[in-house]
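Here's the structure, in structure tokens; my notes come after.
The values are calculated or read from the model by the stated rules, or taken from the named source; none is laboratory data. The structure presented is a predicted model; accordingly, all values stated were derived computationally and were not measured. Cβ placement follows ideal geometry from the backbone for every residue including glycine, while neighbour counts extend to all protein chains displayed. Heads up: the accessible areas ignore ligands, DNA and RNA and are worked out on the full protein's heavy atoms, side chains in. Shrake-Rupley method; radii C 1.70, N 1.55, O 1.52, S 1.80 Å.
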Amino acid sequence: MRGKGLIVTIDGPAGSGKSSVAKRLASEIGFSFLDTGAMYRCVTLACLRKEMDLGQLQQVANIASQVQIEFFADKVVLDGEDVSEAIRTPTVTKSIWAIADNTAVRESMVAAQRRWTAGRDAVTEGRDQGTIAFPDAECKIFLTATPEERARRRVSQLLELGVDISYEEVLEMQNQRDRQDTQRESGGLKPATDSIMVWTDGMTGDEVLQRLVTIVGSKRTPEMNSMTEQPLQHKPHLMPR
Ligand code: DC
């Protein structure tokens, strides 16, 4: 299915803090990092910019197979443009379910994820990484926290960004995303049967990172040890089409 790359998958619901900790884990163990949510965000942004009807499944799927998404250490580039901020606006977040529910889009995203990781050691983060994209991954983690804890964290993050929003509003939006993510017909959020579940309630980011490093360490094969002794290379990660 793929080359010699060793894969660590991290799945979990919105607000579980998995993006930042997955990125830190990748850096800590010397693996590349793939943020698969950013891929769905890029396709959503591309479709919104073209003012497409997101219900036109085939047209949307065509966009998904045409766009070029590149990952650099500190930015996401869509068709040559740095879209790191543009893909995280509420407009994109609100429309993304239509893209993530599109089975043909999911197929092309999963194919691109497998091409991107071929021959590369990678930490991949998303909703379906351990179940659909990399069922044979060496290490699978499901990172989660109670809805209340996730909403509390989100409110403080937003406050730091100067966004004043009530806890109740955040919790309601998050519950809605959880429903969309878990009820999705293909690629719905669920732990792989062989994943390790990590509840992060009451843990700091550093503590979660340490826990993940320990889990990966416990799963290490001799092959994994020799690979991770190599220094981390900061090459741009080009996603092949
Ligand atoms: O992790 P995130 O919030 O950036 O993800 C954005 C959306 O993309 C999220 O609502 C679910 C979807 N997604 C998905 O369906 N499958 C993935 N592997 C990653 C994200």
Report task. When a/c is below 1.5 the answer is rounded, else prolate if a/b is larger than b/c, else oblate, so apply that to region 81-204 with a ≥ b ≥ c taken from the square roots of the Cα gyration tensor eigenvalues. Result -> prolate
Query - Extent along principal axes [Cα atoms of the chain; Å; largest to smallest] - result: 50, 40, 32
Requested in this report: Provide the solvent-accessible area of residue 97, counting protein heavy atoms only and rolling a 1.4 Å probe, rounded to the nearest 10 Å².
Outcome: 110
Report task. Tell me the label-point distance for the pair residue 103, residue 197, using the 7 Å Cα-to-Cβ offset, in nm and rounded to one decimal. Result -> 2.9
Report summary line: For the pair residue 115 and residue 190, the simple spin-label estimate (label points 7 Å beyond Cα toward Cβ) gives in nm 2.9
Report summary line: Simple spin-label estimate for residue 176/residue 82, 7 Å along Cα→Cβ, in nm, reads 3.2
**Report entry** 37 °C / 0.692 mPa s Stokes-Einstein diffusion coefficient of region 1-44, Kirkwood radius on C-alpha pairs, µm²/s
**Finding:** 278
Report summary line: Here the FRET efficiency for residue 161 versus residue 68, based on Cβ atoms and R0 = 30 Å and rounded to 0.05, is 0.55
Report summary line: Over all pairs of different Cα atoms in region 42-99, the reciprocal of the mean inverse distance gives a Kirkwood radius in Å of 11.7
Query - Entries of 18/50; 190/219; 50/190; 94/219; 75/219; 50/94 with Cα pairs more than 28 Å apart - result: 18/50; 50/190; 94/219; 75/219
Query - Helix-only [θ]222 nm of the chain, DSSP H runs n ≥ 4, -39500 (n - 2.57) each, per residue, nearest 500 - result: -15000 deg cm²/dmol
Report task. Kindly state, to the nearest 0.05, the FRET efficiency for residue 207 paired with residue 93, given R0 = 30 Å and r defined as their beta-carbon distance. Result -> 0.60
